[in-house]
Structures are given as structure tokens and as C-alpha cells.
Amino acid sequence: MFKAVSGVCTVVALISGCAVTEKAAPSSAPVPAPGLGAALLPAPAGMRVAYGPESGPYGTLRAGAGPAATRRSSSCATTPALDAAAPEVRSAPAAVVAYSSDAGSVTQALVELPAAFPAELPGRCASYRAVVDGQRVTYTTRQIDLPPLGDRSRAYVTAVSGGGQRLEVGSVAVMRGRVVMSLLVVAREVKEAGLAEQSRKAYERLERATRTPR
């Protein structure tokens, strides 16, 4: 299961758990979200498209209707995420893209959902075990302090181990107006500096694409 670190579907299957959403009024003026696809990151150097880019109601996209949405069987999630089962999330305008290489993967999702932001992971989720595809997998998550972005932001790094192998998942959630950006980076080791830089680039592109003309 861990051999294909670059396989996005394999990685998504590892990220089981349930997600919760907290209500939060954004501090800035509402940001329009037409053409969210234009705000998605281009392929990082050395990576190829794994799927997407897709845009439309979140529940109709691969990220909203595939393994990440249907395999949340444990009591925790490895990443801060919107609840894909919630009707308002499934019908929300969204855009998703994923890139991969032999070294790892980067997945980005943009969802237009007013006044919603992924809640903090509960303390019990700092370390837990689950059985995924018949293998016992251990998840160990820590919240990290990256430079703040947008109206709100939050970041985690999760170590995922099982079957004699190990990888790390870096996840960042950022709110800009009514758009929530999720960035998921999977590698054998996720560097905080690299995660911060990738997040900054992704947010700057979102900011440019959704800037209200004066």
C-alpha cells in the first residue's frame, strides 16, 4: 500500500477518518469565486498531473465522491477537512487538481462555502490506529505553526506507518473570504519550510484569481 507513494488514490485511501466543520465569519469582505479552476496551482517542478483539474459542485468531483469521501470510517481524520457528506459541502462550487511524482504528491482543492472552516482535530487524534485495506496503520499527527495566510489558516503534519513502511502527510487549510483552500502534500518526509512555501504559492495564486477589481 505504501510502495506507490506517488499514487494519489493509494495515498487518499490511507487518509481515513471523519471530518468536522466549524462556523466562522471571515474577517475580510466576501470574495467572489467564479472560475475557481483559474486559481489552482500549475504542476510543481518535476511533477505530472495525477487527476484533474476538475471543477463543479464538490460532490460531483473525484475528490468529493471518491475514496476520501466514502472511506471515513474511523473517529479521527489525518487532516483538517470539510465534511464531504454535508449537503452544503457537496453542492458547493469547487475545483480540484492533483499532481504526483516518484517522490510524492500534491493535491489542492478550492471550495466556495461561506462562513465554514475545518475545525481543529481533537486531542484524541494525536495518535491512533486503524485497519486500512487489511493492514494496521498508525497515524501520529502534530499541529505546526506556519506563517499565517488569509483570514484563517491551520496546518498539520501526520506520520502514517504500517506494513513496514512510512510516509508523511502535510495538510494546510486556508480561508479567504468565502473560499476554503485545502493543500495536501504527501512524501516520505514533509519539510515544514517546503510546506510553507508551497502553501504561500498556492494562496498567492488564489488571491490573484479572486481579487475584486477596483
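The values are calculated or read from the model by the stated rules, or taken from the named source; none is laboratory data. Computed from a predicted model, the values in this text were never measured in an experiment. Neighbour counts run over all protein chains shown; Cβ positions are idealised from the backbone, glycine included. SASA here: full protein model, heavy atoms, side chains in, ligands and nucleic acids out. Shrake-Rupley method; radii C 1.70, N 1.55, O 1.52, S 1.80 Å.
Which FRET efficiency, nearest 0.05, do residue 45 and residue 166 yield, Cβ-Cβ r, R0 25 Å?
0.50
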Practice prompt. Could you tell me the accessible area of residue 204 in Å² (1.4 Å probe, neighbours in place), rounded to the nearest ten?
Written response: 70
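Quick one: if the Förster radius is 30 Å, what FRET efficiency do residue 38 and residue 103 give, using the C-beta to C-beta distance and rounding to 0.05?
The formula returns an efficiency of 0.65 here.
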Worksheet entry | Accessible-area ranking of 153, 127, largest first, probe 1.4 Å | 127, 153
Discussion item. As a test question: what accessible area, to the nearest 10 Å², does residue 191 have when a 1.4 Å probe is rolled over all protein chains in place?
Written reply: 120
Discussion item. Between residue 135 and residue 204, what is 0.36 nm times their sequence separation minus the Cα-Cα distance? Round to one decimal in nm.
Written reply: 20.9 nm
Fill in: Estimated FRET transfer efficiency (residue 192, residue 124; beta-carbon r; R0 22 Å; 0.05)
0.40
Worksheet, complete the sentence: residue 192 neighbourhood, Cβ < 13 Å, K/R = +1, D/E = -1, net charge -1
